[in-house]
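J.: My structure is below; once you've seen it, I'll send some questions.
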Amino acid sequence: MCRGPGRRPGARADDSGVSRPRSLGSLLAARSPRRDHLLAVADEGGYAETLAVLVPAEWTYLDWATSVDDPPEREYLREWVALHANDEFAGFVDWLRAELDDELPALSQRRRRRVEARFDRTVRLEAEFFAAAYDDPPHGATTRR
């Protein structure tokens, strides 16, 4: 794990020298409804749609990581907690939330509904993502979409 100027805990440099979360490659490698949703928004959405995906995802990670009482035994989980349970990340999540709140009033009703639908879908997919980690799907959730 790399630490130093501009590097966050839980990140390491790949061959290109770019710092990235250790588990990012494995998260994006497998096709999943979650991955497909994120890529579709990245490809088709604007700023508000992108925020509608980032806010619930990052907020969930912050909430999960800050609720961990004892450091996990597995190194990659300890790194995940360290990456997301700190003041810098909390400030980033607050900024994302404020950005989304600032964007919403300027949207047409149609676009606002689309942004809200992206937000709601991201919340469902994040719940499924975490439930899969615990092998306990949330009520009414499926992995098919």
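The values are calculated or read from the model by the stated rules, or taken from the named source; none is laboratory data. Predicted model only: the values in this text are computed from it and were never measured. All Cβ positions, even for glycine, are placed from backbone atoms using ideal geometry, and neighbour counts span all protein chains on display.
J.: Filter the stretch 50-62 down to the residues that are closer than 20 Å to E128 by Cβ and not β-branched (V, I, T) and list them by number.
T.: Kept after step one, since they are closer than 20 Å to E128 by Cβ, are these residues of the stretch 50-62: 52-62.
Matches in the stretch 50-62: A52, L54, P56, A57, E58, W59, Y61, L62.
J.: Now for a different question. What residue, of V55, V115, is in a helix (DSSP H, G or I), within 25 Å of D36 (Cα to Cα), at pLDDT 95 or above and touching a Lys or Arg at 6+ places or on another chain (Cβ under 8 Å)?
T.: Testing whether each residue is in a helix (DSSP H, G or I), within 25 Å of D36 (Cα to Cα), at pLDDT 95 or above and touching a Lys or Arg at 6+ places or on another chain (Cβ under 8 Å) leaves just V55.
J.: Let me ask something else about it. Just give me the residues in the stretch 69-91 being part of a helix (DSSP H, G or I) and either small (G, A, S) or touching a Leu at 6+ places or on another chain (Cβ under 9 Å) (or both), in sequence order. Write out each step before concluding.
T.: Residues of the stretch 69-91 that are part of a helix (DSSP H, G or I), as a first pass: 75-84, 87-91.
Scanning the stretch 69-91 gives A82, H84, F89, A90, G91.
J.: Would you please list the contacts, defined by Cβ atoms under 7 Å and residues six or more apart or on different chains, that run from a residue in the stretch 72-99 that is more than 29 Å from V115 (Cα to Cα) to a residue that is among the hydroxyl-bearing types (S, T, Y) and surrounded by 12 or more Cβ atoms within 10 Å (Cβ to Cβ)?
T.: Y76/S23
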